[in-house]
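Just so it is clear, none of the values below were taken in a lab; they were calculated from the coordinates. None of the values given here were measured: they were computed from a predicted structure.
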C-alpha cells in the first residue's frame, strides 16, 4: 500500500509539472553595478550624521525642459541623482563651483548648500532618491525663489 501511495503522489507531481503548475526556479545571484557610493556631495562637502527621526525614502522622476535653470534651493537630507536623459549642470551658489553630469551618470547632491541645476540643449530627465525623514521636505527654495518642483 505504501508503494501505491508513493506512485500516486509521483504521478500527481508529474502531471502538475507537465501542466505548468509547478515551476523549477533558478537560484543564482544577481549582477550589480554600483552607480554611486559616497559620504559627501558632488562639491566635496561631507554628509552629517543622521538624526533619530523616522526614516523616509522618496524617489522622484524630474523632467527639466531644455535650456532651463531651476530656482536656487537647498536639500535638508542626503540624496542621489541619476541622469536618465540629457545632462545636468549643478552650480554651487557660494563657491561658483560647477559640474556637468551626463546621461548614465550618478551624482551625490549637496545638503544645506544653496545650488541649482541647469539643463542643456535637450530636456533632462533625472531619477532622484532622497533619504530623509517623515514630514521633511525634499527641496527647500531659497527666500524669494519659486519651488524647484
From the C-alpha coordinates alone, can you work out the Kirkwood hydrodynamic radius of region 63-102, in Å? 11.7
Looking at the square roots a ≥ b ≥ c of the eigenvalues of the Cα gyration tensor of region 55-141, which shape do they give, rounded for a/c under 1.5, prolate if a/b is larger than b/c, or oblate? oblate
